[in-house]
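To keep things clear, I will list the structure first and then write my remarks on it.
Here, each number is a calculation from the coordinates, and none is a lab measurement. On a predicted model such as this, the values are computed, not experimentally measured, just so you know. Using ideal geometry, Cβ is built from the backbone for each residue, glycine included, and neighbour counts are taken over all protein chains shown.
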Amino acid sequence: MSPKAARIPGGHRHCPDCDGVVPPEDFPRDKRGRAGYGSYRKPCHNARGRESRERLHGGSRECHLRRRYGIGQDGVCAICDAPDPEHVDHDHRTGAVRGILCFNCNGGLGQFRDNIAYLDRAITYLKGHTWQRVLIHPGVYQMRSPTWGPPPSPSS
């Protein structure tokens with residue numbers, strides 16, 4: 001019997017991380033382990049997992065996205081480049097994950113029901129009904145809209 005084993009009372013286990021001797025209930029269950037428990041106490045096990053996620057993936061969200069969906073968070077929305085997007089976008093027919101979007105872009109796609117024809121018509125509408133700055137002389141611009149009459153007055 002090793003000297004270390006002699007110091008561990010019956011029914012207790014040793015955690016090599018914190019050098020603690022505690023009952024087995026303080027260890028996570030693990031069917032692969034010799035005694036059916038993990039090698040480290042729960043707090044030590046959790047700290048090791050957090051450290052690994054930070055070191056390998058830069059955080060738990062990035063680790064989750066890569067493990068669950070196979071995608072990474074590049075830090076910006078895939079449509080508008082807004083920082084820190086939070087929504088995982090997916091195709092409603094197939095369920096396939098497409099990317100990570102900000103709240104507004106994800107909601108916009110949902111409002112258009114992922115229909116490309118609706119989005120094309122919305123683009124055409126915006127091009128025809130949005131005020132445009134038109135260069136009429138070097139350094140002089142005029143606000144114009146192809147279908148809505150004269151430009152708005154500065155006071156409106």
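Hey, among 13, 29, 66, which residue is loosely packed, with under 12 Cβ neighbours inside 10 Å and either of a type outside the set (S, T, N, Q) or in contact with a Cys (Cβ under 6 Å, 6 or more places away or on another chain) (or both)? Give the steps one after another, and end with the answer.
Values: 13 fails: loosely packed, with under 12 Cβ neighbours inside 10 Å; 66 fails: loosely packed, with under 12 Cβ neighbours inside 10 Å.
Checking each option against the conditions leaves just 29.
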Filter the range 74-128 for residues that are of a type in the set (Val, Ile, Thr) and part of a strand (DSSP E or B); the one that is surrounded by the most Cβ atoms within 10 Å (Cβ to Cβ) is 100
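Is it fair to say residue 114 is out of contact with any Lys or Arg (no Cβ under 6 Å at 6 or more places or on another chain) and more than 30 Å from residue 20 (Cβ to Cβ)? First the steps, then the outcome.
Values: out of contact with any Lys or Arg (no Cβ under 6 Å at 6 or more places or on another chain): yes; more than 30 Å from residue 20 (Cβ to Cβ): yes.
When the stated conditions are applied, residue 114 passes them.
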Per the filter on the range 20-56, residues under 16 Å from residue 8 (Cα atoms) and either under 28 Å from the mean Cα position of the chain (by Cα) or part of a loop (DSSP other than H, G, I, E, B) (or both) are 23, 27, 35, 39, 40, 41
